[in-house]
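Working notes, structure below.
Values quoted throughout were computed directly from the atomic coordinates according to the rules given, and no laboratory measurement underlies them. None of the values given here were measured: they were computed from a predicted structure. All Cβ positions, glycine included, derive from the backbone under ideal geometry; neighbour counts span all protein chains shown.
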């Protein structure tokens, strides 16, 4: 089935999965996670991958808290950084203790 045709052109496996379309391996099939027919590449569902990327980016957001005139950034791993001069020199300040 995947060999040469009578007209002399050899087709790739992706061409047969697409039904002859030229979109390089993308095809539609039923996804059990989405519970509908979605676009897939050779290994996975495209909408499921997009949702995973979106969830990962939301988890990695930096939270900023204002304490008086100073801004404290709280990163997802729990590290806190303050914009005051004391923190820049000593890596500690009273403002970080004020943030929960």
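By count of other Cβ within 10 Å, fewest leading, how are 30, 81 ordered?
Least to most surrounded, the residues fall as 30, 81.
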Sequence of 43, 83, 12 once ranked by neighbouring C-beta atoms within 10 Å, starting from the fewest: 43, 12, 83
Inter-label distance for residue 12 and residue 73, nm, one decimal - labels placed 7 Å from Cα along Cα-to-Cβ: 4.1 nm
Neighbour-count ranking [beta-carbon atoms within 10 angstrom, fewest first] of 91, 80: 91, 80
